[in-house]
Every structure is written in structure tokens, then in C-alpha cells.
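Only one structure is covered here, and it is reproduced in the block below.
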Amino acid sequence: MNTSNSDFAQNGSLPDIEQLSKLANELFTALPCDGSRIGIAASAVQGGLTSSLPGADKSGIPQGFGLPGEAELQKLFAPRQSSFDGVPDSLDTGAVFGNRSSAATSPLAGLDKSVLDGVLPHDFGLPDEAQLQQLLVSRVPSGSNVPVNGEAASSPAAAYGLAASLAGFDASLIAGLSPRAYGLPGEAELQELFGSFSKPSAGIPANAESGSSFYFLDELKTGGFNSQTPTLASAHPAFDVHAVRRDFPILKERVNGQPLVWFDNAATTQKPQVVIDRVSYFYEHENSNIHRAAHELAARSTDAYEKARDTVAKFMNASSSSEIVFARGTTEAINLVAQSWGRQHIGKGDEIVITWLEHHANIVPWKQLCDLTGATLRVAPVDDDGQVLLGEYQKLLNSHTKLVSFTQVSNALGTVTPAREMIEMAHRVGARVLLDGAQSVSHLRVDVQALDCDWFVFSGHKIFGPTGIGVLYGKAELLEAMPPWQGGGNMIDDVTFEKIVYQPAPARFEAGTGNIADAVGLGAALEYLLKIGIDNIARYEHELLVYAMDALRTISGLRLIGTAAEKTSVLSFVLEGHSNQDIGVALNRAGIAVRTGHHCAQPILRRFGLESTVRPSLAFYNTHEEVDLLVSTVRRIKSGKDF
């Protein structure tokens, strides 16, 4: 919820519209009609209304032009002066403010005056251009010989919305006017006045970095009060949800006549225009197979593909791009490790540890491997909030544990697991660790070196990239020791009927023609996120998640599934008296896309006595308004109202 302009006028002790209108009426009561006096007026205004002008009173304002004098202005603004006490003497506040006590320690000293460039009168509750035009026209006597000037005034007056194209009105009359000429507070006073105002917590994370504390000024940049004046630096993190939304063309879609609200991000994320354009550009200008030709397009294609690999390595903080293997997605990456390293190192009597939180893709390959080798699958339990019970997990780890594989974020509950701690615990018993990052990469910073995981896997379509492309990160020494899983072209160094020599990693794991275009698209998606900043995204999404959970809890009969203290993105729930499928259909009629079902995570839902849930899931392009719509729609479903 944004603070309104009228709130600033009242709380900041600015004059209200009635007083300003009275002042404007006084100001324009007696415009001169002869050219000589207009010339004097113009030079007086442009010269800052100096006291040397003919007919000027002691305040330096020519009363012959019907302008209010200092005494009148002081009387008008006297009740408001307390708001501006303490302004340093070095700041010229104009005669209308009189002398102020010095505040040499003021943090506003030396402030860049460009901070108020482009501020319009209606931003502070002042009369807008249309009102002033009407006022000015009504004050120009009929038949006067005031010259017509169609040029726009390049002056502070123009920034206050005063158009110079008025019929029969010379713009030079108002050239050089500033707020102080009317007894309005200057830059320093406005900074002090509005310093106490800030955007409500619903829109800005508490720990967001900022360059300025003036949210009303930031609105000028980000499309609030005057979206056509992007002249001010934002006080927000390098992230603006409305600017982000403009990058995703599909968010302009309408479903059943309603604007699309995409709350199915845990299933797949939407794609920014830069990703769409990059894939299109590849097919238009670079399409070729990689590594196997001397012609130009092969070079372009190879360069684009390997650049994407470098981008992935940078995004994950891998020590080398040779630790990045492209796969079709998380599922294929897990199967690659199971079939390559697993078959090589897992045998009868060994144990593999997973958790109750896992997606089927991190259960089935390990169960298959255990069935094949005679190993045992052990499962770490979770509590009623969906948090891994670390004490129980510790009990499962022993000298027989060869592998631990678990998710960093649960796709069904949103639980964020204590990955670093769990990895350390596994390494103490000599186990290797695979971390499933399918649900974490788009929400949390991933640093594989800090995590010290042995493998990390994720899918491109979960992180605003194309489908059909994914990543397996593996420590270099592990990848070099792992045999290839699939055989074919591109992964060999030499082939005879007697002997095959494989390429080093990562090429040995990328048999055949890979998904080159979508790897390039994934690189573009990660570059896009790197520019925005994953930490900025995480802060915004966490605040949005808390807002959504608090709102959903107000609906009677609604039960949130997954309430861990550390969670992200996912808002699974059930609603008493309503089937999950019916809720999904009803939400769809309102344009809201959510997932219903077991989410390929049946064991964890059964842990909570359920076979399915309704699962809205968030991304950084979702808004508080969309959350409000979700909540109000669920309320209508609860009450039995039709759409």
C-alpha cells in the first residue's frame, strides 16, 4: 500500500489545496497589460525578483504585478515553519522563510539538488497544469496586447506543470520561478519534510539496500506518481517488480477474460523476452551442430553453447566450467549420477539416505539402484511443519552410508533444508552428497563451493529458461572418475572396434547432439537473473511469501501444508469442504493458475495424511495485488459464490 500525495501534504504540513488556490488567485489577480511592464516583469522573474525593480516592496516582489508580499506569505506559511527548523544557513531558503537557526551537522548539507528534478505540483497536492491554465486564461484581460509565445518554458516553472502554450500568454513571465518565489519549501526543506516517510513493508523488504530514503521521489522513477519522469535514482534494491513484469510477455495474457495470474511457478516458470529473443536469434543466425565443423555457423554455435556453460559455472560459483554438464533436466541429471557413479560405487550392504521431502525424481532412481544392487534406501523423517529432523537424520548416517541425496527446497511444501549442515554431517561418515536444486535455484543464491556438495542438479525451465535443458554440476575429480552413462557421438576421443577412448568431462556425458539452442537460452536466463541480483529476488519473494501466508491463514477452514520456519515460494493448502480439483478449476475461471494434485511428491503428502493439495507457488514477478486476488477468490469459493 503506497502513501498518497494528500497524506504527504497533511502529514508534512504542506499547504492544502484550498490555501494554494487562494495563493494562486492572489498571485494572478492583476497581470499587466502593456508591453513595457511585461518586459520588466519578465526580467524581474528571470533575475530572481530582485529588490531593485521599480515598484518592488522590501521583500523584493513587485506589488505592481499583484504578487503577495513577504508579510502575507510569512503569515500563510508561519504555522508550517516548524517542519523546516534546523535547515542549515548554507541552504538558501528565500526571504519568505526568514532566518533559521544553523544546523551545521545536518545530514542534508551538500545534497545534490538534482534529486528534485522533474517533480510535479500534483506530486505534493499542488494545482496541476490544467487548473493553472484555466486560472491563467481567466486572468488575461480580453483585448490585451500580451504577445503569444508557443515555446515551452525550459525553467523550474515548466517543471511545475505551467504550460507556455497558453493562448495570449507569454511564457517568459514565469521563466525562472521556483518554489521559493511562492513561499513553498525548497529542496532542503522537502528532504527533511519527507525523510520520515517510507514505503510500507508490504512492498519493500526491511533489509533492502537503498540510496535515498524518499519513497515519494522513487515513485517518479518506477511509475508511481509520474511514470514519464524517470530522472531520480531508486531507493529500492536493483529490483522493481513492475519493471520485471514488463520483461515477461506472457503475463499480458488473459484467461477466461481475466488477466493471467501465474502461481504455478514450482511446476515451470515463465520466460523473459531476452530468453525468447536469444533462442530465436540462435535459430536465425547461429544454428549448427557444435564442435564438429570448420565453417562459420559451427563456430558461432559452439561459442554460444560454451558461453552458456561458462555462465552456468559463474551463476553457481563452480571452480571451472568443465564441472558443468548439460542434461535434459534435473531428472536426467540424477539418473546420470545413479547410473554412472552409483553403479560403480553402490553395492550390497551399502546404504543411500534421502528424506521424506523428496520429489519422485530423487526417489525412484535410488530405489531402482538399490533394487539392482542390493543396497538399502533409508529415509530421514520430518516434523509436523515439514522440517527435517536433524537428530533422526544423524542416526541414519554410518559407515555403510555411501550416498546422501536430498532437496534444497521441497517442491510440495517449500521447506528450505539446512543443506550446508546436512552435507557436512554426511561427509563426516565418508558419504558423497547430491543436492537437488530444482526448486531452489530461482529463489536462493547457489554457491556449490560454499555448500561443498559433490553434485548439484537443476532444470532450466524452473529458472526462467527453456524446457528440455538442465544442469549437473559435479566436482572435477568425481566427473573424471565417472564412466559415461550413454554412448554415441560427441563424447568420444577415438573409436576402434577394439577400444574406445572417451573425451574428458563434461563432453563424455553429453552424447549425441545436445539441446544447443535451449542451453543458450538458459545462459540468457541466468545472465538476466545475475543483472537483477538473486539476493534482491530472495528478499522480495520472502516478504511476499510471508504476506501471502498471513493472508491465507485468515480464511476459516483453510489449512496450510508446510509451515517450516525456513521456507520459500510454495503455499500448499487444503480447504475444508472443497475438493482440491474443484478449487483449481474455480481459480482458473478467475485467471489464476495453480497446481493441484500430488506434485510428484506422494510420500511427503501422505506424511500429512493427504493425497493432494492446492499449490500456489510464487516467483519474483508476482505481486501483492495478485496475492490479494488469490485470497479473495478462495474466500468466494469458501462461501460458495459463483464467478
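The values are calculated or read from the model by the stated rules, or taken from the named source; none is laboratory data. These numbers come from a predicted model, not from an experiment. Every residue, glycine as well, gets a Cβ built from its backbone with ideal geometry; the counts of neighbours run over all protein chains shown. Each accessible area value is taken on the protein alone, full model and side chains, heavy atoms only, with ligands, DNA and RNA left out. Shrake-Rupley method; radii C 1.70, N 1.55, O 1.52, S 1.80 Å.
Semi-axes of the equivalent ellipsoid of the stretch 273-317: what are they in whole Å, largest first, if each equals the square root of 5 times a C-alpha gyration tensor eigenvalue? Numbers along the way, then the final one.
Numbers: eigenvalues 79, 49, 5 Å².
Equivalent ellipsoid of the stretch 273-317: 20, 16, 5 Å, largest first.
Based on the mean of other beta carbon atoms within 10 Å per residue, what is the order of 356-367, 597-608, 431-442, most packed first? Walk me through the intermediate numbers first.
Working: 356-367: 21.3, 597-608: 19.1, 431-442: 26.2.
With the highest mean Cβ count within 10 Å placed first, the list reads 431-442, 356-367, 597-608.
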| said: So if I place +1 on the C-beta of Lys and Arg and -1 on the C-beta of Asp and Glu, and nothing else carries charge, what would the dipole magnitude of the stretch 435-489 be about its Cα centre? I want it in debye, nearest 20. | reply: 260 debye
| remark: Expressed in nanometres to one decimal, the distance between label points 7 Å along Cα→Cβ at residue 295 and residue 367 is 4.9 nm
| query | Which net charge results for the neighbourhood of residue 364, defined as the other residues with beta-carbon distances under 14 angstrom from its beta-carbon, given Lys and Arg at +1 and Asp and Glu at -1? | reply | -3
| field | Antiparallel bridges, percent of DSSP beta bridges restricted to the stretch 289-423 (to nearest 5) | value | 20 percent
| task | Within 10 Å, count the other beta carbons around each residue, average over each peptide in 395-401, 510-516, and list them highest first. | result | 510-516, 395-401
| remark: Computed from the beta carbon distance with a Förster radius of 60 Å, FRET efficiency for residue 258 and residue 494 to the nearest 0.05 stands at 0.50
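In square nanometres, what is the average projected area of the Cα convex hull of the stretch 265-388? Each step should come with its number before you reach the end.
Values: hull surface 44.4 nm².
The Cα convex hull of the stretch 265-388, projected and averaged over all directions, gives 11.1 nm².
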| Expressed in nm to one decimal, what extension gain is obtained for the pair residue 428 and residue 306 from 0.36 nm per residue of sequence separation less their Cα-Cα distance? | 40.4 nm
| task | Along each of the three principal axes of the Cα atoms of the stretch 369-413, give the extent in whole Å, ordering the values from largest to smallest. | result | 34, 22, 15
| note | Binned at 10 Å starting from 0, the alpha-carbon pair-distance distribution of the stretch 470-548 in whole percents comes out as 15, 30, 25, 17, 10, 3, 0
| note | In vacuo Debye sum over C-alpha of the stretch 309-462, base-10 log of normalised intensity I(q)/I(0) at q = 0.12, 0.17, 0.21 Å⁻¹, listed in q order, is -0.46, -0.97, -1.49
| Suppose R0 equals 30 Å; then what is the FRET efficiency for residue 477 and residue 602 from their Cβ-Cβ distance, rounded to the nearest 0.05? | 0.25
| request: State the answer as a single residue: which of 514, 461, 497 lies farthest towards the positive end of the charge dipole of the stretch 437-579, with beta carbon charges of +1 for Lys and Arg and -1 for Asp and Glu, about the Cα centre. | output: 461
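Under a 1.4 Å probe, what is the accessible area of the stretch 496-595 per residue, stated in Å²?
That works out to 41 Å² for each residue.
Any chance you could run the full-extension gain for residue 250 through residue 576? It's 0.36 nm times the residue separation minus the Cα-Cα distance, nm to one decimal. Could you put the intermediate results ahead of the total?
Working: separation 326, 0.36 × 326 = 117.36 nm, distance 3.30 nm.
Contour length minus the Cα-Cα distance gives 114.1 nm.
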| Taking square-rooted eigenvalues a ≥ b ≥ c of the alpha carbon gyration tensor, is the stretch 392-550 rounded, prolate or oblate, where a/c under 1.5 means rounded and, failing that, a/b exceeding b/c means prolate? | oblate
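Multiply the residue gap between residue 287 and residue 641 by 0.36 nm, knock off their C-alpha separation, and tell me the result in nm, one decimal place.
Details: separation 354, 0.36 × 354 = 127.44 nm, distance 5.28 nm.
So the chain would gain 122.2 nm between residue 287 and residue 641.
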| task | Rank these residues by their accessible area, most exposed first, probe 1.4 Å: 240, 277. | result | 277, 240
| request: For residue 400 paired with residue 628, estimate the spin-label separation in nm (one decimal), with each label point 7 Å from Cα along the Cα-to-Cβ line. | output: 5.7 nm
| query | Using a simple charge model, +1 on the beta-carbon of Lys and Arg, -1 on the beta-carbon of Asp and Glu, nothing else, what dipole does the stretch 364-437 show about its Cα centre, in debye to the nearest 20? | reply | 400 debye
| query | Which entries in the list 531/567; 367/475; 567/641 go over 27 Å, if you measure between the two C-alpha atoms of each? | reply | 567/641
| said: How large is the convex hull of the C-alpha atoms of the stretch 427-504 per residue, in Å³? | reply: 122 Å³
| Carbon and sulfur atoms: what percent of the 1.4 Å accessible area of the stretch 446-536 do they account for? | 52 percent
| request: Calculate, for the stretch 358-420, the solvent-accessible area per residue in square angstrom, rolling a 1.4 angstrom probe over the heavy atoms of the protein chains. | output: 37 Å²
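Quick one: which of 341-351, 408-418, 560-570 comes out on top by average Cβ neighbours within 10 Å, and what's the full order, highest first?
Ranked from most to least packed, the peptides come out as 408-418, 560-570, 341-351.
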